[in-house]
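Read through the structure below, which is laid out as structure tokens, and then see the notes.
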Amino acid sequence: MPYRLTVLGTGYLGATHAACMAELGFDVLALDVDERKIERLRRGDLPIHEPGLEELLKRNLAAGRLRFTTSYEEVARFGDVHFICVGTPQRSDGYAADTSYLDAVVDSLAPLLDRECLVVGKSTVPVGTAERIAEKLVQLAPAGVQVELAWNPEFLREGHAVQDTLRPDRIVLGVASERAEKILREVYAPLGDVPIVVTDYATAELVKSAANAFLATKISFINAMAEVCEAAGADVTQLARALSYDERIGGRYLNPGVGFGGGCLPKDIRAFMARATELGADRAVAFLQEVDAINQRRRTRVVELARELAGGTFEGRRAAVLGAAFKPHSDDIRDSPALDVAVRIARLGGTVTVYDPVALDNARAAYPDLEYAESALEAARGADVVLLLTEWPEFAALDPDELSTVVRERNIVDGRLVLDAEAWRSAGWTYRALGRP
């Protein structure tokens with residue numbers, strides 16, 4: 001008989017995992033303590049923007065394979081395998097990860113587990129967390145040692161989450177028994193021939209932290225080269241292209257620009273540093289301090305470029321910011337470089353109008369003092385400088401002649417290096433970009 005699955009937490013990770021597991025044919029019950037969110041999900045109304053996910057949600061609700069609840073009692077009765085998918089944000093008092101949501105789930109669920117089951121952590125956590133949670137489960141659960149823990153980190157890219165779940169490039173299983181491994185292999189069997197790495201808890205936890213640290217380092221490396229290119233009068237886009245042909249380096253994530261943001265990379269590399277320091281291995285990851293600093297400096301440099309184009313001051317000037325989400329195909333504005341730059345310009349006296357294809361509602365709620373528009377042309381109307389800060393395809397395809405008809409001054413900062421510089425200059429624009437002459 002197929003396992004019955006539960007998913008605890010219906011944020012970006014949990015909603016995706018629940019819908020995708022139902023799509024694979026499992027009966028899935030997902031829980032959240034936010035009653036309004038659960039009501040929306042029951043109606044097939046997805047609270048986030050993720051391509052393809054709403055269709056999966058509605059299809060599996062209609063098929064009866066996917067349900068939502070606020071009851072831990074119902075979850076405990078229903079599930080054979082419980083996936084924990086709650087967030088681990090950065091703590092307000094430092095770099096460390098806040099695991100309080102994870103502990104709250106375990107504290108609520110474990111006392112109700114009175115039969116054999118497997119609890120599976122998917123959240124990104126400091127190394128050592130799984131071992132602690134495994135002990136807590138045995139202590140709190142009436143079924144005792146029959147309640148096992150596994151750690152199965154997620155590797156989702158926002159904007160590609162459905163694909164990454166249904167066609168993953170690898171699956172990591174941190175387990176303490178052959179039984180736990182067997183269960184998870186059976187759960188993921190419908191995915192087909194996917195590389196599976198079976199390891200201990202600590203290694204499974206570190207895989208996600210190490211992967212994000214590596215990606216952040218690669219992004220910041222090319223942005224550091226952009227700094228050098230600016231000083232030397234070189235072109236970072238040509239530099240990156242030349243590097244990409246080296247198979248040892250490759251071109252993925254070698255895209256210079258305003259840097260990374262979102263709910264994962266920034267907080268995860270900081271949590272990694274904090275945990276390594278606790279373990280006495282701080283020197284091993286000290287380079288991540290500079291990775292983080294490079295990323296922040298790119299935002300500062302974009303503001304400087306825009307101010308130069310605006311005549312040396314933002315006072316009395318209008319700036320159009322194209323982009324609010326931290327990346328395209330998402331409405332996630334957490335640590336968004338685009339909005340960070342917009343706020344900085346506003347603080348320096350500029351009037352800032354923001355446009356984004358899907359993230360405007362989230363941006364308005366978080367930054368009500370900024371102005372917002374319903375199109376790129378509307379945002380650019382009367383602008384002294386335009387900043388392209390999220391690489392939405394519609395922004396890369398903007399017509400410089402059409403945009404010329406609405407701006408006050410033809411100045412543009414290409415913060416993602418996606419525009420044809422010569423085409424814009426030929427149309428009379430002053431074009432500036434990070435790491436380009």
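The values are calculated or read from the model by the stated rules, or taken from the named source; none is laboratory data. Note that the coordinates shown come from a computational prediction; the quantities given were computed from them, not determined experimentally. Every residue, glycine as well, gets a Cβ built from its backbone with ideal geometry; the counts of neighbours run over all protein chains shown. Surface areas here come from the heavy atoms of the whole protein model, side chains and all, with no ligands, DNA or RNA. Shrake-Rupley method; radii C 1.70, N 1.55, O 1.52, S 1.80 Å.
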- Item | For the stretch 76-143, convex hull volume per residue from C-alpha positions, Å³ | 80
- Task: Restricting things to alpha carbons, tell me how big the stretch 236-337 is in terms of Rg and Dmax, in Å.
- Result: 17.1, 51
- Query: Can you give the Rg to Rh ratio of the stretch 191-289, both from alpha-carbon atoms, with Rh computed by the Kirkwood formula?
  - Reply: 1.05
- Stokes-Einstein translational diffusion, the stretch 95-213 - Kirkwood Rh over all Cα pairs, 0.890 mPa s, 25 °C, in µm²/s: 164
- For the chain, with every protein chain kept in place, what is the accessible area per residue (1.4 Å probe, Å²)? 43
- Note on the structure: In nm², the average projected area of the convex hull spanned by the Cα atoms of the stretch 50-114 is 6.4
- Among all the aspartates and glutamates, which ones have a C-alpha under 12 Å from Lys267's C-alpha, if same-chain residues fewer than 8 places away are not counted? Asp98, Asp292, Asp335
- Message: Considering the Cα positions of the stretch 183-233, please state its Rg to one decimal place and its Dmax as a whole number of Å.
- Response: 18.6, 57
- Message: Heavy atoms of the protein only, probe of 1.4 Å, neighbouring chains included. What is the accessible area of Ile294 in Å², nearest 10?
- Response: 20
- Query: Given a cut-off of under 8 Å on Cα pairs at least six residues apart, what relative contact order in percent is computed for the chain?
  - Reply: 12
- Item | Length released on extending from Val145 to Arg364, taking residue separation times 0.36 nm less the Cα-Cα span | 74.0 nm
- For the chain, give the percent of accessible area contributed by carbon and sulfur heavy atoms, probe 1.4 Å, rounded to a whole number. 50
- Simple label model, 7 Å out from Cα along Cβ direction - Gln238 to Glu73, nm: 7.1
- For the pair Arg157 and Glu247, how long in nm is the line joining their label points, each one 7 Å along Cα→Cβ? 2.1
- Hey, what D do you get for the stretch 1-92 in µm²/s if you plug the Kirkwood alpha-carbon radius into Stokes-Einstein at 25 °C and 0.890 mPa s? 189
- Message: Relative contact order of the stretch 24-161, please, whole-number percent, based on alpha carbon pairs below 8 angstrom and at least 6 residues apart.
- Response: 21
- Evaluate Rg over Rh across the stretch 34-179, taking Cα atoms for both radii and Kirkwood's formula for Rh. 0.96
- Using alpha carbons only, what's the Rg to Rh ratio of the chain with Rh from Kirkwood? 1.01
